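Asks: Can you read through this structure? Questions will come right after.
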Amino acid sequence: MGTGKFCVTVAHAKDNEDLATLGFVVANAAVGSAQDTMVFLSSEGARLAAKGYADDIHEEGFAPIKELIENFVAAEGKLYVCAPCAKKRGFGEEDLIDGATIVGGAKLVEFLADGTPSVSY
């Protein structure tokens, strides 16, 4: 019996556009399968939540990452950004795209504590 939840951690952005894109492809598949889905953006992946940053990322063979992120948020997926990761990269809540929220690691632990499946990109 599953938890009905799914977590995708994305730790890449322009440093590995392929992995960043794949993370959101999987997240959209999960939320589209009626899973309560969280994307946790950590390390370089935190940059994907900054306004304008992801606008020019378009990995060949996939939808543009901006579109993937917008679709995920529109489907009521949870988009969380690692607080220390955002701070290290110099941005705060006012710099985020719609639907993104800065959270501490405790939010990730809380979401996963019941055995929720998780994948990382």
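Asks: Which one of these does Ile69 not meet: (1) out of contact with any Asp or Glu (no Cβ under 9 Å at 6 or more places or on another chain); (2) farther than 17 Å from Phe6 by Cα; (3) in contact (Cβ under 8 Å) with a residue 40 or more places away in the chain?
Replies: Just one mismatch for Ile69, condition (2).
Asks: Follow-up question, since we're still on this one. List the pairs whose first member sits in the stretch 76-94 and is at positive phi and surrounded by fewer than 12 Cβ atoms within 10 Å (Cβ to Cβ), whose second member is assigned to a helix (DSSP H, G or I) and aliphatic (A, V, I, L, M), and whose Cβ atoms are under 9 Å apart, counting only residues at least 6 apart or on separate chains?
Replies: Note: pairs meeting the criteria are Glu76/Val31.
Asks: Return the pairs, sorted by first residue and then second, in which the second residue is in a helix (DSSP H, G or I), the first residue lies in the stretch 97-114 and is farther than 16 Å from Leu48 by Cβ, the beta carbons are less than 7 Å apart, and the residues are 6+ apart or on different chains.
Replies: Gly104/Ala83
Asks: Name, by its number, the condition in (1) open to solvent by 30 Å² or more (accessible area, probe 1.4 Å); (2) out of contact with any Phe, Trp or Tyr (no Cβ under 7 Å at 6 or more places or on another chain) that does not hold for His12.
Replies: (2)
Asks: Tally the residues that are touching an Asp or Glu at 6+ places or on another chain (Cβ under 8 Å) and closer than 17 Å to Val81 by Cα, restricting the search to the stretch 21-42.
Replies: Going through the stretch 21-42 one residue at a time, the tally reaches 1.
Asks: Moving to a separate point now. For the stretch 1-49, name all the residues that are of a type in the set (Val, Ile, Thr) and in contact with a helix residue (DSSP H, G or I) (Cβ under 8 Å, 6 or more places away or on another chain). Let's see the steps before the verdict.
Replies: From the stretch 1-49, those of a type in the set (Val, Ile, Thr) are 3, 8-10, 21, 25-26, 31, 37, 39; that's our starting set.
Result: Val8, Thr9, Val10, Thr21, Val25, Val31, Thr37, Val39.
Asks: Now for a different question. Within the stretch 20-35, take every residue that is part of a loop (DSSP other than H, G, I, E, B) and not hydroxyl-bearing (Ser, Thr, Tyr) and give me the one that is least open to solvent (accessible area, probe 1.4 Å).
Replies: Residues of the stretch 20-35 that are part of a loop (DSSP other than H, G, I, E, B), as a first pass: 33-35.
Add one more test, that the residue is not hydroxyl-bearing (Ser, Thr, Tyr), and what stays is 34-35.
Details: Ala34: 87, Gln35: 63 Å².
Once the filter is applied, the top-ranked residue is Gln35.
Asks: Return the pair list, or none, for Cβ contacts closer than 9 Å from residues in the stretch 40-63 that are under 20 Å from Gly90 (Cβ atoms) and open to solvent by 10 Å² or more (accessible area, probe 1.4 Å) to residues that are polar (S, T, N, Q) and outside any strand (DSSP E or B), at least 6 apart or on different chains.
Replies: Here the result reads Glu44/Asn16, each pair linking the stretch 40-63 to a residue that is polar (S, T, N, Q) and outside any strand (DSSP E or B).
The values are calculated or read from the model by the stated rules, or taken from the named source; none is laboratory data. Just so it is clear, the structure is predicted and the values come from calculations on it, not from any experiment. For neighbour counting, all protein chains shown are included, and Cβ atoms are generated from backbone atoms with ideal geometry for every residue, glycine included. To get the accessible areas, we keep the full protein, side chains included, count just its heavy atoms, and leave off ligands, DNA and RNA. Shrake-Rupley method; radii C 1.70, N 1.55, O 1.52, S 1.80 Å.
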